[in-house]
1. Residue separation times 0.36 nm, minus the C-alpha to C-alpha distance between residue 49 and residue 104: what's the value?
2. Determine, for 66, 58, 41, 5, the number of other Cβ atoms within 10 Å of each Cβ, and report the residues in order from fewest to most.
3. Could you give the length gained by full extension between residue 133 and residue 77, i.e. 0.36 nm per residue of separation minus their alpha carbon distance, to one decimal place?
4. Using the per-residue mean of other Cβ atoms lying within 10 Å as a proxy for protection, in what order, highest first, do the peptides 102-113, 76-87 fall?
């Protein structure tokens with residue numbers, strides 16, 4: 001079975017290169033960006049400004065191929081890809097929880113962005129604490145390491161030559177490099193959420209590429 005998705009928009013962020021980026025939103029506190037939604041989907045943003053945070057699902061378009069065993073950014077040992085947030089996956093999808101600072105037309109202004117500029121966005125969903133908070137009590141190999149995501153920056157281990165083949169025997173091609181976008185416009189009415197909401201969102205945030 002083949003599943004095909006089309007982007008609903010793309011990210012506008014200050015991260016122009018794959019190396020040196022934050023590996024998690026916790027390492028990008030206060031970094032501003034935008035999600036520019038395609039005009040035909042702009043109506044779907046109605047009422048989104050009533051939420052403090054959103055889940056953003058996106059395609060890791062610069063990742064080539066995949067590995068079932070990976071050495072993630074936060075450890076020197078090999079782990080199964082599905083026990084990590086590493087980007088070189090059979091389906092290269094990323095997930096981030098971002099703070100909304102404004103919704104204007106087809107632009108969703110956000111903070112804590114850890115995505116590459118031009119990243120295709122697949123979906124946006126509101127963060128709801130009653131639905132999304134869980135009393136997790138086991139964190140696997142991330143125990144004692146996850147705090148390092150605040151300072152860890154990406155390198156080139158998951159991109160470039162040597163990518164593992166896709167099931168059809170060919171390396172998954174990298175997506176086209178988009179032209180640089182202008183810096184995100186400054187919001188006129190930030191509407192930043194309260195500290196309690198931010199704490200709840202941080203609790204629910206899961207690493208996307210650690």
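1. Gain on extension, residue 49 to residue 104, equals 18.9 nm.
2. If I rank by nearby Cβ atoms, fewest first, I get 5, 41, 66, 58.
3. In short, 17.2 nm is gained.
4. Top of the packing list down: 102-113, 76-87.
Where a number appears in this text, it was derived from the coordinates with a stated rule and is not lab data. Model, not experiment: these values are computed from the prediction. Because the Cβ atoms are built from the backbone with ideal geometry, glycine has one as well, and the counts that use them run over all protein chains shown.
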